[in-house]
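Shown next, in structure tokens, is the structure this report addresses.
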Amino acid sequence: MKALAVILALLLAACGATPAADPPPPPPQAKSTQPAGWKAILIAGDDKEPAFDNAVDSMADKLRSFGLPDANIVELKATARGPHEANAANIRRAFVGLNPAASEGCFVYITSHGGRGRGLVMKRAAGFLTPGDLGTLLDGTCRGRPTVVIASGCFSGSFAEGASLPAPNRTILTAARDDRPSFGCNAQQHYTVFDRCVLENLDRGEPWPAMMAKTRACVIEGERKFNVDEPSEPQMSIGQSVANLLVFAPGR
């Protein structure tokens, strides 16, 4: 499969600009205040198992229970067709359409199969969504806004490391290390292990590190049932300007 970066590069080309002679000023940093609202994109990138769609559906319900209106939640799936199909054009359109207000944050949840060193499978885009792809998309619409990314898939730790995606305004949670698979991707499971643990432990008003600590403990217990030899070891990256961010708490 071709990398999704190639497809997105063609779609984003019209938005490019000639660099100025002098270095550009640094991007504005997100304030530590809690966002008053959120804009969300939820993506199920593959259709081999129903677990990915199930997780996106349940995450959308969870966000609605936190007070997010339907207009603030975009769901894209490999099983869908039309405007909700998780293809390259719709992915780009969804990010451009986020357009958060100054008082809002961005939330991105992606669940799919993963490829080591390649990112997460986007079947309808015939490629992978890489950390670099996602960083570019977020820079274009959520630059400087408090942002939470949950990347669920094998080898997804690459989203929480390096220079492509981590940033001072971003909290990033991943299902596994960059050299480890995650577990539970089969037709007998309603969710993957990580997705189930995230959904069970996403409690409004709690600090994200506390939520992730409970998720990790849940994953360890879930993987024991699969007799896993090498645990997935979910990863987390927290930017300095969102260190005190709470899980979908009302803005202050």
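Since every read-out is calculated from the coordinates, none of them should be taken as a lab result. Just so we're clear, the structure is a prediction, and the values are computed from it rather than from any experiment. Glycine also receives a Cβ, built like all others from the backbone with ideal geometry; neighbour counts cover every protein chain displayed.
Per-residue Karplus couplings for segment 67-83, computed as 6.51 cos²θ - 1.76 cosθ + 1.60 with θ equal to phi - 60°, are listed in order as x, 6, x, 4, 5, 9, 10, 10, 10, 10, 9, 5, 7, 8, 10, x, x Hz, Gly and Pro entered as x. Between E200 and A126, the simple spin-label model (points 7 angstrom out along Cα→Cβ) gives 4.0 nm. A Förster distance of 41 Å, applied to the separation of the beta-carbon atoms of D229 and S164, puts the FRET efficiency at 0.85. Close Lys pairs in the chain, defined as Cα atoms under 12 Å apart and 8 or more places apart or on different chains, number 4. Note on A36 and R118: with the Förster distance fixed at 30 Å, the Cβ-Cβ geometry gives a FRET efficiency of about 0.25.
Stokes-Einstein diffusion for the chain at 4 °C, viscosity 1.567 mPa s, with a Kirkwood radius from C-alpha pairs, works out to 72 µm²/s. When the scattering of segment 147-190 is computed by the Debye formula from its Cα atoms alone, each counted once and equally, what is log10 I(q)/I(0) at q = 0.18, 0.22, 0.26, 0.31 Å⁻¹? At q = 0.18, 0.22, 0.26, 0.31 Å⁻¹ the computed log10 ratios are -0.53, -0.70, -0.86, -1.05. If you run the Gaussian network model on the chain, springs between alpha carbon atoms under 10 Å, then out of A210, A125, A88 the most flexible one is A210.
Between E221 and D179, the modelled label-to-label distance comes to 3.0 nm, taking each label 7 Å out from Cα in the direction of the beta carbon.
Distance from the alpha carbon centroid of segment 180-221 to that of segment 37-81 works out to 16 angstrom.
Diffusion coefficient of segment 99-217 by Stokes-Einstein, Kirkwood radius over Cα pairs, 10 °C, 1.306 mPa s: 107 µm²/s.
Find how much the distance from Q240 to D57 grows on full extension, using 0.36 nm per residue of separation minus their present alpha carbon separation; answer in nm with one decimal. Working shown, then result.
On the way: separation 183, 0.36 × 183 = 65.88 nm, distance 3.11 nm.
Length gained, Q240 through D57: 62.8 nm.
Each label point was placed 7 Å from the Cα along the Cα-to-Cβ direction; for T79 and K48 their separation is 1.6 nm.
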